[in-house]
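**Q** Dumping the structure here so I can ask a few things about it.
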Ligand code: ADP
Ligand code: MG
């Protein structure tokens, strides 16, 4: 059994990739649940109007639920909308609702529109300690994603080992550089996780090799296998950690979380791309 201690400053990750369906939400909730199972206090911020992270964490998010939309648009405090996931006393979620779909447009006319999440999160973290904040982003570079980039220090990119994943990546790296320059100098790419890996295909190995060649520091050694248990879990309102903790996917996500926790000091020092 691994032992991991959490005593450093809060680490704020944004899980980003402009492509949809690459495993952002799955990675968000399963890394969060894994870190919580290791004893960390974790807050997931669901910034995707689809609300898939809220669903997987078993947190209500109907149209009537107070949500991250109210934080961004109506100046409601984050502490008023955060819910505890039934899965763990250490695991919390700021849910998204369908209203968030309109926020992309509504934010345009707001004061400090790029900083609204950052301001709300700073206020929340001044009241209570959280070890990890993980922000699940929609698959686009609109104001919601920009709010995530402005609030975070670490960018975490899940890469699907199924097609030439590097294609869209230079655009994402360009966006990160833009944000660094204009909005958040502390933002840096710290973590890449290879997901949906099917070791029987040549393409999966090719993609993995290519990503490791380009990003030797950032890529975690752990690879997440393609696994039916991982894809089934959300329909039970659970992460795979709770749904089937002994499955290959759950074991891999816990190993990835241990690696991430172990990188605390090095990534805090690094601060580069
Ligand atoms: P994104 O948030 O980037 O759109 P998701 O996390 O929703 O991507 O994943 C897209 C689909 O792939 C979902 O149906 C999810 O259940 C499935 N999926 C993600 N990771 C795995 C995995 N390791 N094994 C099998 N299915 C997966
Ligand atoms: Mg998603």
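**Q** Pick from 181, 24, 41: which residue has the top mean-square fluctuation in a GNM of the chain where Cα pairs under 10 Å get a spring?
**A** 181
**Q** Which semi-axis lengths, in whole Å and largest first, follow from the square roots of five times the eigenvalues of the Cα gyration tensor of the stretch 155-219?
**A** Values: eigenvalues 131, 22, 15 Å².
Values for the stretch 155-219, descending: 26, 11, 9 Å.
**Q** Could I ask something else about it? Is the shape of the stretch 113-153 best called rounded, prolate or oblate, per the rule: a/c under 1.5 gives rounded, else a/b larger than b/c gives prolate, else oblate, with a ≥ b ≥ c the square roots of the Cα gyration tensor eigenvalues?
**A** Working: a/c = 3.26, a/b = 1.70, b/c = 1.92.
Cα axes put the stretch 113-153 in the oblate bin.
**Q** Starting with the fewest neighbours, write out 87, 232 ranked by other beta-carbon atoms found within 10 Å of each beta-carbon.
**A** Ranking 87, 232 by Cβ neighbours within 10 Å, fewest first, gives 232, 87.
**Q** Based on other C-beta atoms within 10 Å, arrange 16, 235 from fewest to most.
**A** Values: 16 24, 235 10.
Neighbour counts put them in this order, fewest first: 235, 16.
**Q** Take the alpha-carbon positions of the stretch 179-273, form their convex hull, and give its projected area averaged over all directions (one quarter of the hull surface) in nm².
**A** Details: hull surface 31.0 nm².
Computing the convex hull of the Cα atoms and averaging its projections yields 7.8 nm².
**Q** Can you tell which of 122, 131, 70 shows the greatest fluctuation in a Gaussian network model of the chain with Cα springs below 10 Å?
**A** Among 122, 131, 70, the largest mean-square fluctuation in the Gaussian network model of the chain belongs to 122.
**Q** In addition: On a full-extension model of 0.36 nm per residue, what is the gain between residue 119 and residue 10, subtracting their alpha-carbon distance, rounded to one decimal in nm?
**A** On the way: separation 109, 0.36 × 109 = 39.24 nm, distance 1.51 nm.
Length gained between residue 119 and residue 10: 37.7 nm.
**Q** Pull out a ≥ b ≥ c, the square roots of the eigenvalues of the alpha-carbon gyration tensor of the chain, then state rounded if a/c is under 1.5, prolate if not and a/b is larger than b/c, and oblate in the remaining case. Write down the numbers at each step before the final one.
**A** Details: a/c = 1.42, a/b = 1.22, b/c = 1.17.
Taking the square roots of the gyration eigenvalues as a ≥ b ≥ c, the chain is rounded.
**Q** Moving on. Quick check on the chain: helices-only [θ] at 222 nm, where DSSP H runs of length 4 and up contribute -39,500 (n - 2.57) each and the sum goes over total residues. Nearest 500, please.
**A** Details: 13 runs with 116 residues, N = 273.
Value at 222 nm, helices only: -12000 deg cm²/dmol.
**Q** Which of the three applies to the stretch 1-147, rounded, prolate or oblate, going by the alpha-carbon gyration tensor with a ≥ b ≥ c and a/c under 1.5 meaning rounded?
**A** Numbers: a/c = 1.62, a/b = 1.43, b/c = 1.14.
Prolate shape, in that a/c is at least 1.5 and a/b is the bigger ratio.
**Q** Could you please rank 75, 46, placing first whichever residue has the fewest other Cβ atoms within 10 Å of its Cβ? All intermediate terms of the calculation are to be shown ahead of the outcome.
**A** Values: 75 11, 46 31.
Going from least to most buried by this count: 75, 46.
**Q** Taking 7 Å along the Cα-to-C-beta vector as the label spot, tell me the residue 74-residue 171 distance in nanometres, rounded to one decimal.
**A** 3.4 nm
**Q** Considering only the chain, what is the antiparallel percent among its DSSP beta bridges, to the nearest 5?
**A** Numbers: 2 of 29 bridges.
In the chain, approximately 5 percent of DSSP beta bridges are antiparallel ones.
**Q** Out of 30, 52, 184, any idea which swings most in a Gaussian network model of the chain, alpha carbons joined below 10 Å?
**A** Largest GNM mean-square fluctuation: 184.
Values quoted throughout were computed directly from the atomic coordinates according to the rules given, and no laboratory measurement underlies them. All of these numbers come straight from a predicted model, not from anything done at the bench. Here Cβ is always computed from backbone atoms with ideal geometry, including for glycine, and neighbour counts include all displayed protein chains.
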